[in-house]
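The values are calculated or read from the model by the stated rules, or taken from the named source; none is laboratory data. Just so it is clear, the structure is predicted and the values come from calculations on it, not from any experiment. Note that we place each Cβ from the backbone using ideal geometry, even for glycine, and neighbour counts take in every protein chain shown.
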Amino acid sequence: MNYTPVQPTTSGIIQLTDIDLREIVPFIDWTFFFLAWRISGRYEGIETVHDCPSCTMSWLRQFPETDRPKAEEALKLYRDAREMLRRFKEENLLTVNASFGIFPGYAREDDIFIRHNETTVVIPTLRQQHPSTDGFCYSLADFLAPENDYVGVFATTVLGVEEFAASFEKEDNMYDAILVKTLSDRLAEAAAEWLHAEVRRKYWGYASGEDLSVKDMLKTTYQGIRPAVGYPSLPDQSIIFELDPLLKFNDIGITLTENGAMFPNASVCGLYFAHPQSKYFMIGKIDENQFTDYAARRGMKPEALRKWMAANL
């Protein structure tokens, strides 16, 4: 996977506070929002449906008659969500913050090394033991050169969620309380998608000429990936403690529990890779030999690491 690394246009950690929601909202992936409410399916054009009955009926007619009740439910939920977003913006109820940086880095076998000031942060990675559809068993370390490369780190968070949701819970209005929480989760992911676009085009600049629609971005047609901690290709949640010194979570309002969970819950943290062949994948199950080797590379006793890796063993 040879390629020529692109030197970032900026260096060090950059923190963005109180990001304008108008920048973030267009990046919401509504499909995952509906799935959080256990409404499956795709609802193309839902954002174009006006409140008038004729527009509503016209949109519903594109669905088979048996699917229309579910589509109507999705439309009502979408309208409630848009109204809640309006409240978020007009009443300044939530704050979106981000922290990110692009650092010199390289890979040795399945370990990623990130240089910061006078220190080096080591991120051991896991390798698939069952090939992807193209026949390869991937590790995230495959997407870094063995020297003179760069790797990014990022975190986004939405502050104010718990307090606003609690105000509805006190009124026994669980619908709006859950709406706030699920919508905030999507906003954190949307902020991560928006930030990734900013990094690709401006802060790192390896895709400065990129001209993709948000719809194309949500299909991950861009160059590079942003795997999040705890997600399929980076499943060890304890890795987040290694990223804290780089991202300075406290500065943007994130705290970590002893189990590596981020608070507020509407937060996302992960890595950036620019390699043109980088792709998302799932580690899946690993055997005891790889687990033991990984524990040694993490500098942790297997019995202590096992709780973090239960889903992959």
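Scanning the range 155-172 for residues being closer than 21 Å to A190 by Cα and small (G, A, S) gives a total of 3. Looking only at the range 84-112, residues that are in contact with a Pro (Cβ under 9 Å, 6 or more places away or on another chain) and hydrophobic (A, V, I, L, M, F, W, C) come to 4 in all.
Scanning the range 134-180 for residues that are over 30 Å from L93 (Cα atoms) and of a type in the set (A, V, I, L, M) yields L140, A141, L144, A145, V151.
Among residues of the range 48-71 being closer than 26 Å to A177 by Cα and touching a residue at least 12 places away in the same chain (Cβ under 8 Å), the one that is surrounded by the fewest Cβ atoms within 10 Å (Cβ to Cβ) is D51.
Condition first: within 20 Å of the chain's Cα centre (by Cα) and part of a strand (DSSP E or B). Now tell me which residues in the range 144-178 satisfy that. Once the filter is applied, which keeps residues that are within 20 Å of the chain's Cα centre (by Cα) and part of a strand (DSSP E or B), the range 144-178 yields Y150, V151, G152, V153, F154, A155, T156, T157, V158, L159. Residue pairs whose Cβ atoms lie under 8 Å apart, separated by 6 or more positions or on different chains, with the first residue in the range 2-14 and assigned to a loop (DSSP other than H, G, I, E, B) and the second exposed (fewer than 15 other Cβ atoms within 10 Å of the Cβ), are Y3/P276; Y3/Q277; P5/N148; T9/K202.
Mind checking whether some residue in the range 271-280 is in contact (Cβ under 8 Å) with a residue 12 or more places away in the chain, within 13 Å of T125 (Cβ to Cβ) and assigned to a strand (DSSP E or B)?
yes
When the range 64-95 is examined, which residues are found to be among the polar types (S, T, N, Q) and part of a helix (DSSP H, G or I)?
T66
Counting only residues that are among the small types (G, A, S), in contact with a strand residue (DSSP E or B) (Cβ under 6 Å, 6 or more places away or on another chain) and within 21 Å of H116 (Cα to Cα), how many does the range 243-292 have? Summing the residues that are among the small types (G, A, S), in contact with a strand residue (DSSP E or B) (Cβ under 6 Å, 6 or more places away or on another chain) and within 21 Å of H116 (Cα to Cα) in the range 243-292 gives 1. Just one of the listed residues (I39, I114) is β-branched (V, I, T), touching a helix residue (DSSP H, G or I) at 6+ places or on another chain (Cβ under 8 Å), outside the structural domain of Q277 (by TED's automatic domain parsing) and modelled with pLDDT of 95 or more, namely I39. Against the conditions (1) of a type outside the set (D, E); (2) touching a residue at least 12 places away in the same chain (Cβ under 8 Å); (3) surrounded by 17 or more Cβ atoms within 10 Å (Cβ to Cβ), A295 satisfies every one except (2). Are any residues in the range 256-270 among the hydroxyl-bearing types (S, T, Y) and either buried (at least 24 other Cβ atoms within 10 Å of the Cβ) or in a strand (DSSP E or B) (or both), and if so, which ones? Hit for the range 256-270 is S267, nothing else. Examine the range 135-142 for a residue that is surrounded by fewer than 21 Cβ atoms within 10 Å (Cβ to Cβ), in contact with a Pro (Cβ under 8 Å, 6 or more places away or on another chain), assigned by TED's automatic domain parsing to the domain that holds A98 and modelled with pLDDT of 95 or more, and state whether such a residue exists. Yes, the range 135-142 contains at least one residue that is surrounded by fewer than 21 Cβ atoms within 10 Å (Cβ to Cβ), in contact with a Pro (Cβ under 8 Å, 6 or more places away or on another chain), assigned by TED's automatic domain parsing to the domain that holds A98 and modelled with pLDDT of 95 or more. What residue, of S233, S184, is crowded, with 19+ Cβ neighbours inside 10 Å, touching a Phe, Trp or Tyr at 6+ places or on another chain (Cβ under 6 Å) and within 21 Å of V268 (Cβ to Cβ)? Being crowded, with 19+ Cβ neighbours inside 10 Å, touching a Phe, Trp or Tyr at 6+ places or on another chain (Cβ under 6 Å) and within 21 Å of V268 (Cβ to Cβ) holds for just one of S233, S184, which is S233.
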